[in-house]
Amino acid sequence: MRVSDLLRLPAGPVDLHRFDPAATPGFKGGKQRARKAVPELGDRLATLQEQLYAEGRLGGRRSVLLVLQGLDTSGKGGTVRHVVGLVNPAGVHVASFGVPTPEEREHDFLWRIRRELPRPGRIGVFDRSHYEDVVTVRVLDLIDERTWRHRYDAINLFEERLVADGTRVVKCFLHISPDTQRKRLLARLDDPTKHWKFSPHDLDTRERWDEYFTAYADALERCSPDEAPWHVVPSDHKWYRNWAITNILIEQLETMGLHWPEPDFDVEEQRARLLGMP
Ligand code: ATP
């Protein structure tokens, strides 16, 4: 069974507590085996990405958007590094979304998102996304309920149009346990080279763990249509998270029917011409 299918959010009410963050669906073995699988997966992903890029260079409209959401230390940044590390960075566009700037606040919540969408032929990676605008704003009570509730429909419409315009939308929720987060935050405090990654705000967020889980559960449930479903990626094991997301990307690219573009010139003619040159 494909990893995309194994981790795809089932239809119906969502309770994130029912997903085991330390599970490793579809993978037999441990860290060492997962690491050994990386070069082969990387080659496959790199080839598919190059085919997508080539298609874009020749006028194709299609692209891929990987949306990463999850609580602090769930590994969004690590996933970005891993994925980008496997492919030609020239074909990838990474965007991170923090607290909206004054300029961003003046616009509709999707304004800053639209500006960072991948161009044809590219893989876009969102480290946080428009889902902050239905999760964080709700938990921190930044806007009224009526407004964020309306945003579910706005997001569904936005993604539906994106898909219709040729973007494959791949959404991954990086699911970790409170214990894992504690360990990772402690590791940041224990290591002076990681202090910059820590923010006291991370602890405020941790205090509201259940509220975040409820808000995420609702967002995932309301915004997971067949064309752009969510995947719940168990992320207590970094090696599994990377393995799973790489596989999901590969599987999604494989269903796009990519191939090397036909040349718009006569190969033999060009070869003869080249060989005839001094
Ligand atoms: P990360 O935790 O993702 O590594 P970071 O700690 O370096 O990021 P930033 O990327 O600057 O911080 O910002 C992330 C913060 O911005 C998070 O606390 C997130 O909830 C908040 N944020 C993102 N989008 C919004 C939004 N639309 N409204 C309010 N807060 C938001």
Would you mind checking the tilt of helix 76-86 against the longest principal axis of the Cα atoms of the chain, expressed as 0 to 90 degrees and rounded to 10?
10 degrees
Please list M1, M256 from largest to smallest accessible area, probe radius 1.4 Å, with all protein chains kept in place.
M1, M256
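Just flag the GluC sites (Glu not before Pro) in region 220-278 sitting in loop per DSSP whose Cβ has no more than 13 other Cβ atoms within 10 Å. All intermediate terms of the calculation are to be shown ahead of the outcome.
On the way: sites: E221, E227, E251, E254, E268, E269; in loops: E227.
In loop regions of region 220-278 (DSSP not H, G, I, E or B), the sparsely surrounded GluC sites (Glu not before Pro) are E227.
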Globularity index of region 186-269, i.e. its alpha-carbon radius of gyration over 2.2 N^0.38 Å
1.80
Under the definition of Cα pairs under 8 Å and six or more residues apart, what whole-number percent is the relative contact order of region 3-275?
34 percent
Compute the angle between helix 145-164 and the longest alpha-carbon principal axis of the chain, please, reported from 0 to 90 degrees and rounded to the nearest 10.
10 degrees
Loop-only trypsin sites (Lys or Arg not before Pro) in region 51-139, please: DSSP not H, G, I, E or B, and at most 16 other Cβ atoms within 10 Å.
R61, R115
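How would L142, L86, L203, L185 line up by accessible area, probe 1.4 Å, largest first? If you can, show how the numbers build up before the last one.
Details: L142 110, L86 35, L203 80, L185 5 Å².
Final ranking, largest accessible area leading: L142, L203, L86, L185.
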How about region 193-248: which trypsin sites (Lys or Arg not before Pro) there are in a DSSP loop, with at most 16 other Cβ atoms within 10 Å of their Cβ?
R208
For helix 178-190, what angle does its Cα long axis make with the longest principal axis of the chain, in degrees from 0 to 90 and rounded to 10?
80 degrees
What percent of all Cα-Cα pairs in the chain falls into each 10 Å bin, going from 0 up to the bin containing the maximum distance?
6, 27, 34, 21, 7, 3, 2, 0
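In Å, what Kirkwood hydrodynamic radius results for region 110-233 from the alpha-carbon pair distances? Intermediate values should be presented prior to the final figure.
Working: mean 1/r = 0.0614 Å⁻¹.
Result for region 110-233 stands at 16.3 Å.
The values are calculated or read from the model by the stated rules, or taken from the named source; none is laboratory data. This one's a predicted model, so the numbers in the text were calculated from it and none came from an experiment. With ideal geometry, Cβ positions are generated from the backbone for all residues, glycine too; neighbour counts draw on all protein chains shown. Remember, those area values only see protein heavy atoms, side chains included, never the ligands or the DNA or RNA. Shrake-Rupley method; radii C 1.70, N 1.55, O 1.52, S 1.80 Å.
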